[in-house]
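Worksheet for the structure shown next.
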């Protein structure tokens with residue numbers, strides 16, 4: 001009887017398999033949105049056509065630093081992910097990627113991204129490192145399992161890419177960069193709290209403290225509405241500061257009005273559908289606002 005022939009996978013097939021296993025570790029949509037904010041911050045002060053080598057350096061360094069911090073977060077949160085139905089299929093809890101491989105990947109990407117950023121500019125590198133530190137050490141390792149207010153520190157980390165991009169473009173930290181970072185920070189509750197409302201059972205089962213679980217759904221929805229208003233005001237102030245044309249400003253007002261309408265509607269008539277619609281629109285709002293900040297720059 002002939003024994004079955006074992007097929008040895010080719011190198012391209014092996015690499016594709018590894019890429020498919022590793023890719024979810026960086027949360028590509030989240031990383032992509034943060035990268036867009038960094039590019040917008042830079043383009044709000046510098047023309048990307050005449051400074052494209054620096055723009056490429058910013059893109060590469062931010063992608064590596066953000067991805068590296070995200071991978072490390074996945075390593076540290078693998079026990080939480082394993083207890084939630086929504087995340088149990090991720091590479092680490094499902095066993096598709098080992099803890100050692102993911103840790104090495106996260107450390108290498110983080111070191112390369114931060115090192116590259118420091119070579120581009122010490123100030124830019126310092127802000128990138130601050131974002132990494134707040135995300136990995138302060139938010140994930142220290143506060144996430146202790147208090148629902150950890151999202152504020154996670155929000156500070158989320159605001160660092162746009163501040164870093166602006167600092168690289170201007171060579172300093174100015175009020176516009178800080179206001180742009182503040183707009184992202186204030187937007188975070190709209191994004192995160194609507195998500196925690198939708199997946200309240202998962203977070204409760206995993207033992208992660210959330211704002212809705214601690215303070216109730218009503219106060220959470222009020223907080224979402226207030227943070228949406230504050231984020232829109234901060235974004236509008238920064239847009240005016242960079243000299244955005246009235247055409248783009250009017251479009252930003254329309255986008256902001258949509259965000260506020262959904263937030264108030266979710267507060268007045270709470271429902272899972274309204275909550276999910278607000279969650280989706282919040283991401284589209286931030287993406288649209290960043291594109292207008294980039295287009296409205298010099």
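Quick rundown of the values:
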quantity: Residue 76 versus residue 272: modelled label distance in nm, points set 7 Å from Cα along the beta carbon direction; calculated: 3.2 nm
quantity: Gain in span if fully extended, residue 18 to residue 85, counting 0.36 nm per residue against the direct Cα distance; calculated: 21.7 nm
quantity: Mean Cβ neighbour count within 10 Å, used as a protection proxy, ranking 236-243, 188-195, 65-72 highest first; calculated: 65-72, 188-195, 236-243
quantity: Mean projected area (nm²) of the alpha-carbon convex hull when the chain is viewed from all directions; calculated: 18.4 nm²
quantity: Choice from 29, 259, 105 with maximal GNM fluctuation in the chain (Cα, 10 Å cutoff); calculated: 29
quantity: Length-normalised contact order for the chain - Cα pairs under 8 Å, 6+ apart - percent; calculated: 22 percent
quantity: Stokes-Einstein D for region 211-298, Kirkwood Rh over Cα pairs, 25 °C, 0.890 mPa s (µm²/s); calculated: 180 µm²/s
quantity: Highest-fluctuation residue, 41, 17, 154 considered, GNM on the chain with Cα pairs under 10 Å; calculated: 17
quantity: Residue among 171, 247, 106 with the largest mean-square fluctuation in a Gaussian network model of the chain, springs linking Cα atoms under 10 Å; calculated: 247
quantity: Rounded, prolate or oblate (a/c below 1.5 giving rounded, otherwise prolate when a/b exceeds b/c) for region 131-240 by Cα gyration tensor; calculated: oblate
quantity: Inter-label distance for residue 149 and residue 56, nm, one decimal - labels placed 7 Å from Cα along Cα-to-Cβ; calculated: 4.6 nm
quantity: The chain: calculated mean residue ellipticity at 222 nm from DSSP helix runs of at least 4, using -39500 (n - 2.57); calculated: -25000 deg cm²/dmol
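Any read-out appearing in this document is the output of simple, stated calculations on the displayed coordinates, not a laboratory observation. Every value quoted in this text rests on a predicted model; they were computed, and no experiment measured them. In this analysis, Cβ positions are derived from the backbone assuming ideal geometry, glycine residues included, and neighbour counts consider all displayed protein chains.
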